[in-house]
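Student: Sending over a structure as structure tokens; questions will come in a sec.
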Amino acid sequence: LDNIDNEQVPITNVRQCPAVCLDRGVDSSLVAYPMPEKYYNPNQNKDHESSFDDFVASLSCGRVEFCFINYLPDTVSLYWANPNGDNEYLYPLERLEKNTKFTHTFIGHRFIAEDKDSKVVMDHTVEFSG
């Protein structure tokens, strides 16, 4: 970092780093112009004040929109695997695009779909918006 006199100042704390969250696939011409809430800013954003990990998991960085589409022959049951390892039932996921389900979730969340015989037909961990 440069200080006001244009001298090099050593980075001694992660709070000095101009970290920013970018969505996967963002056009390269936009990389230099992220939305203000995408910057790590523990002084002005309460979701970032505890730790850098809090920033990564915050609404401004870790939250993504995700969709589920079922192309299997029958309706499946969709579950979210909570941090305790329990599967929480969300809803039936009916077939084809007209029944697409959109949800806000976080990177690292895991979802499981089971068929009518309770066989796991999908086990997916969210890695990016999609």
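Student: Within segment 5-43, which residues are more than 22 Å from Phe106 (Cα to Cα), surrounded by 10 or more Cβ atoms within 10 Å (Cβ to Cβ) and at pLDDT 75 or above?
Tutor: Within segment 5-43, Leu30 is the sole residue that qualifies.
Student: For segment 71-101, which residues satisfy the criterion of being without any contact (Cβ under 8 Å) to a residue 24 or more places away in the chain and either of a type in the set (Ser, Thr, Tyr) or closer than 27 Å to Ala57 by Cβ (or both)?
Tutor: Passing the criteria: Asn82, Pro83, Asn84, Gly85, Asp86, Glu88, Tyr89, Leu90, Tyr91.
Student: Would you check if Val120 is surrounded by 10 or more Cβ atoms within 10 Å (Cβ to Cβ), free of Cβ contacts under 8 Å to residues at least 12 places away in the same chain and farther than 24 Å from Arg24 by Cβ? Write out each step before concluding.
Tutor: Numbers: surrounded by 10 or more Cβ atoms within 10 Å (Cβ to Cβ): yes; free of Cβ contacts under 8 Å to residues at least 12 places away in the same chain: yes; farther than 24 Å from Arg24 by Cβ: yes.
For Val120, the condition - surrounded by 10 or more Cβ atoms within 10 Å (Cβ to Cβ), free of Cβ contacts under 8 Å to residues at least 12 places away in the same chain and farther than 24 Å from Arg24 by Cβ - is met.
Student: Could you count how many residues in segment 102-117 are open to solvent by less than 80 Å² (accessible area, probe 1.4 Å) and over 24 Å from Ala57 (Cβ atoms)?
Tutor: The total comes to 3.
Student: Among what's in segment 44-83 and is of a type in the set (A, V, I, L, M, F, W, C) and surrounded by 18 or more Cβ atoms within 10 Å (Cβ to Cβ), pick the residue that is nearest to Arg95 (Cα to Cα).
Tutor: Among them, the one singled out is Val76.
Student: Further question: Which strands (runs of 3 or more DSSP E) does segment 16-130 wholly contain that include 3 or more residues that are touching a Cys at 6+ places or on another chain (Cβ under 9 Å)?
Tutor: Numbers: elements: 63-68, 76-81, 87-93, 101-106, 110-114, 120-125.
The strands (runs of 3 or more DSSP E) meeting that bar are 101-106.
The values are calculated or read from the model by the stated rules, or taken from the named source; none is laboratory data. In this text, all values refer to a predicted model and were calculated from it rather than measured experimentally. Note that we place each Cβ from the backbone using ideal geometry, even for glycine, and neighbour counts take in every protein chain shown. Surface accessibility is based on the protein's heavy atoms, side chains included, excluding ligands, DNA and RNA. Shrake-Rupley method; radii C 1.70, N 1.55, O 1.52, S 1.80 Å.
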